[in-house]
Amino acid sequence: MTKQTLSFQAEVKQLLHLVTHSLYSNKEIFLRELVSNASDACDKLRFEALNNNALFEDAPNLAVRVSFDKQARRLIISDNGIGLSAQEAIDHLGTIAKSGTKEFMGKLEGAQAKDANLIGQFGVGFYSGYIVADRITVESRRAGLSADQGVRWSSEGTGDFEVETISREARGTDVILHLRDDEDEFLSTWKLKSIISKYSDHLSLPVLMRKEHWDAEKSENVITDEWESVNKAAAIWARSKSDITDAEYKAFYEQLTYDQSAPLAYTHNRVEGRSEYTQLLYIPAKAGTTPLRKLQSSGRLPQRSLDPRRIQSRRTRRIVEALQSHRLLIVQQRLPRSGGDLSGDAHFRRHPAHHPDPRHGGGHRQASRSGWRARSADLRIGQSAVGCHHP
């Protein structure tokens, strides 16, 4: 493909203007969104590789890398995930297929203009890069395609974008931000590490940055060629409860759901027996008007259970859909032998407040009553869907 200049979809033009101007007061969210997108690309590769292990090529170890070039004023977020084909770059970066885009733009224009969580909730986080950059270049190659089928996408975020075929050996994607003149703070290792630690500690993939060492002669830190992980790279549900603070549980809930309110309650347990699993269940404080629609439109909330081998459980997806806005995440160590086994598990889960953890407020009678009033319909639907008895 020779270089082409194409026009953004009309909604994208409006979105770019709103994102750049409405979210400027919380600039650091761009890194949260781009790192999250990179992690999602790696997860997608893992999933597709279940049926085609050759997609890993010669690089089975997945990671996200963040680097910068002070002289060129470039910040690069890289991953070795699924990557993009040329057509996917045009489709995913030049148009928006989400049905909730108009709702999102309406909220940005209205009273919620400063709500930085909206951009991730509606799946348009890539465009947040224009908060700090006057040009974004994306270089990518989709897993399984030959090296001469790489793609370069570039735009100043105005009306048009350019796309062309390039030669690229590495699988995955580089998002290159050409920073504005007044965005020097994002050319600092310390600043970038602090943002990654704040927003991306829960990611199971390592987020890597180059190490620095003090050069006495130059009286400054010098960046080396050695990479180190700057996040904990351990999913919160896989860690011991005793090592997780209440603030970390709430921060993960916000990242998972984009809900600004603290959850009404949560429970984190490891169950062993015929069916072994780790459970992390949150109950939101308020019921949304159309919770299932919000789940579907976000495209980011987990609707399946994953074991260490990334095996899907359709039964759990039914539970999540039935419970609507209850965000359920289960990591299976050993999958049940039958659907009935999982129904039994669901029966065990239906009353998390019966065994309250003192840290999440499940023992407060008033909170329990208000939560039941807000969620009783959803919980009854969920119990019916998985064959549980009503309380």
task = Can you tell me the order of 147-156, 223-232, 200-209 when each peptide is scored by its average per-residue count of other Cβ atoms within 10 angstrom, highest first?
result = 200-209, 147-156, 223-232
key: Within-12-Å neighbourhood charge of residue 163 [Cβ basis; K, R +1; D, E -1]   = -4
Violating pairs (Cα-Cα greater than 29 angstrom) within the set 3/211; 44/198; 193/218; 191/286; 70/250 = 3/211; 191/286; 70/250
inquiry  = Quick check on the range 166-210: take the gyration tensor over C-alpha atoms, sort the square-rooted eigenvalues as a ≥ b ≥ c, and tell me if it's rounded (a/c under 1.5), prolate or oblate.
reply    = oblate
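Quick note: the coordinates plus some simple rules give every number you see, no bench work behind them. Everything numeric here is computed off the predicted structure, so don't read it as measured data. When we count neighbours, we look across all protein chains shown, and the Cβ atoms used for this are built from the backbone with ideal geometry, even at glycine.
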